[in-house]
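One structure is given here, and the rest of the page talks about it.
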Amino acid sequence: MGDKERFAAAARSLPRALATGLLTVAHDPLPRMRWLAWLPHAHVVLIAALTAIYNLGDSSQEFHQHPALRTLFAVLQSASLVLALSRPVPAWWLSTITLFLVAALCEADVGRDHLWPWRIEDIILHTFVLLLLALRVRPLIAAGALALTVLAGLVNSAFQTQEHNEVLARGAVTFATAVVVGASLRMSRVARTRLAEQEVLTAGERSRRTLLEERNRIARELHDVVAHHMSVISIQAQVAPHLVENPSADLKENLAGIRQNAVEALTELRRVLGVLRSEDTSAEGSRHTPQPTLDRLPELVDNVRSAGLAVTTAITGAPRPLSPGVELSAYRIVQESLSNAMRHAPGAQVRVGIGYHPSGVTVRVVNTPPARPAPPSPGAGHGLLGMRERTAMLGGELAAGATPDGGYEVLATLPAHLPAPGTDHPVEDTA
C-alpha cells in the first residue's frame, strides 16, 4: 500500500474515530497525582465554585432580560468543570452547548462594549474543561473537540444581530493552548507508563533467561552424574559373566541385554544433553572433570580464605556418603553462598555448617553484616536462583534472607534419598 492509499484510508476512518471518541459517556476519572495527591482536584472544584458565584452575581446585573436563564447557564457551566474530573467527554459537550446557547439566546443582553460570543469567565471555565479532556483522550479526539468549540463560536458570530466586542480569535487561541498542553502532558504520561511496563517485561525476561541458564548448568552437571552411573552399569554387565563359572546362555543373554540397554541409554543421554555442552564453551575444559562433592569442601574454603574472606566451618553428625546429586547440590549451595558473601558483604565473617542426620543433610551458610559498602552488582546473578532450583529438584527445602543483625543466611535441607521418578515437587516461581 502506497502513501496515497494509506492517507486515503486514514481520511476515511477519521470521521468514525471522531464519532467514537466524542459520542461516549465513559467514566474516565482524573488519576491521583503522585506528588500533589488530590490537590489539583480540589483546585478544580474551587475554581468552579468561585466562577459560579461570580457568574450568578453578574447575571443579575448584565442579563436583565433573561436573568433566570443566565443563572441556569452559569450553574451548568460550573457543573461541567466538576463533571470533567470524572467524565471529560460529556463535560465538554455540556460546556460547549451551554456556551452556544448563552451566545444565541442572550445576545440581546450583550452590549457593544461587552465580549462576545464568550466572556472571560466562560473562556476560563471552558479552557479548564478542554485541558481536562486533553489529559484523558487521544490528541485526535481533543483536536476534534477544539474544532467543534470554535465552530460553535463561528456559528454564533454568523447569526449575530448587532456588533459586539469580538473575542472569538483570542478565545480560540486560549482553547488551543489548553489542548496542546493537555495532549503533551498525556503523551508524556503514556510514554512513562509504557516505559515502566517495558522495564517490568524486561526484568521478567531477564529473570526467565537467568532461570533457563541455571537449569542448563544443572542439566550439564546431572548429565555427568547419570553418565557415570550408566557407564558403571555397562561395565558391570560386561564383566559379570566372567565372574561366574560356566554361566548359562540365558544369563549371558540377559547381561548382554542389560549392557546393550545401558549403552543405548548413555548414547541417547549424551545426544540430548550433550547439546547443552556444545553451546557452553566454558565447559570444554571441564568436560571430563569429576563433579565436586562435599569431600572437596576444605579445598573450596581454603580458596575463599585466600581471596580475603574469613570463613569458619562446622560439621555435625556422622559424615557419610550421599547420592551424587545431593553431594553435588550441597557443594554448589555452599559455593554460591560464599560467592554471594564475597560479592555483597565484603569484610564480613562467614560460618559454614554441614549437618548430617538420618533423613539427609543440612547446609547453613551465615555471614555477618558487611564491613564496608559493597560494589555495584554487574547484573542479575544466578546464585540464589540456582540454589532454589537444585533444592526443589531434590525435593528439599531452602530458606534465604536477611538476619536481624544485618547479615544474610542461607539454609538448605536436602533429603538423603532422591524422590521417586514422576513425583512432583513444585518449583518456586522466581520470575
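The values are calculated or read from the model by the stated rules, or taken from the named source; none is laboratory data. Fair warning: this is a prediction, and the values are worked out from it, not measured in the lab. Here the Cβ positions follow ideal geometry from the backbone for every residue, glycine too, while neighbour counts run over all protein chains shown. Ligands, DNA and RNA are stripped out before the accessible areas are found, and what is left, the full protein with its side chains, is counted by its heavy atoms. Shrake-Rupley method; radii C 1.70, N 1.55, O 1.52, S 1.80 Å.
Here the accessible area is traced with a 1.4 Å probe on the protein chains. For segment 1-147, carbon and sulfur cover 71 percent of it. Summing +1 for each Lys or Arg and -1 for each Asp or Glu among the other residues whose beta-carbon sits under 14 angstrom from that of residue 133 gives +3.
Segment residue 207..residue 54, full-extension length gain: 49.1 nm, with 0.36 nm per residue of separation and the alpha-carbon distance subtracted. Relative to the current alpha-carbon distance between residue 252 and residue 239, full extension at 0.36 nm per residue lengthens the span by 3.6 nm.
3J(HN,Hα) along segment 185-190: 5, 5, 5, 5, 5, 5 Hz, from the Karplus curve 6.51 cos²θ - 1.76 cosθ + 1.60 with θ = phi - 60°, whole Hz, x for Gly and Pro. For segment 233-244, putting each phi into the Karplus relation 6.51 cos²θ - 1.76 cosθ + 1.60 with θ = phi - 60° gives couplings of 4, 4, 5, 5, 5, 6, 7, 3, x, 7, 8, 10 Hz, in residue order, rounded to whole numbers and with x for Gly and Pro. Shape class for segment 121-166, computed from the alpha carbon gyration tensor (a ≥ b ≥ c): oblate, with a/c not under 1.5 and a/b at or below b/c.
Between residue 45 and residue 318, the FRET efficiency estimated from the beta carbon spacing at R0 = 56 angstrom works out to 0.15. Among 304, 232, the sequence by solvent-accessible area, most first, with a 1.4 Å probe is 232, 304.
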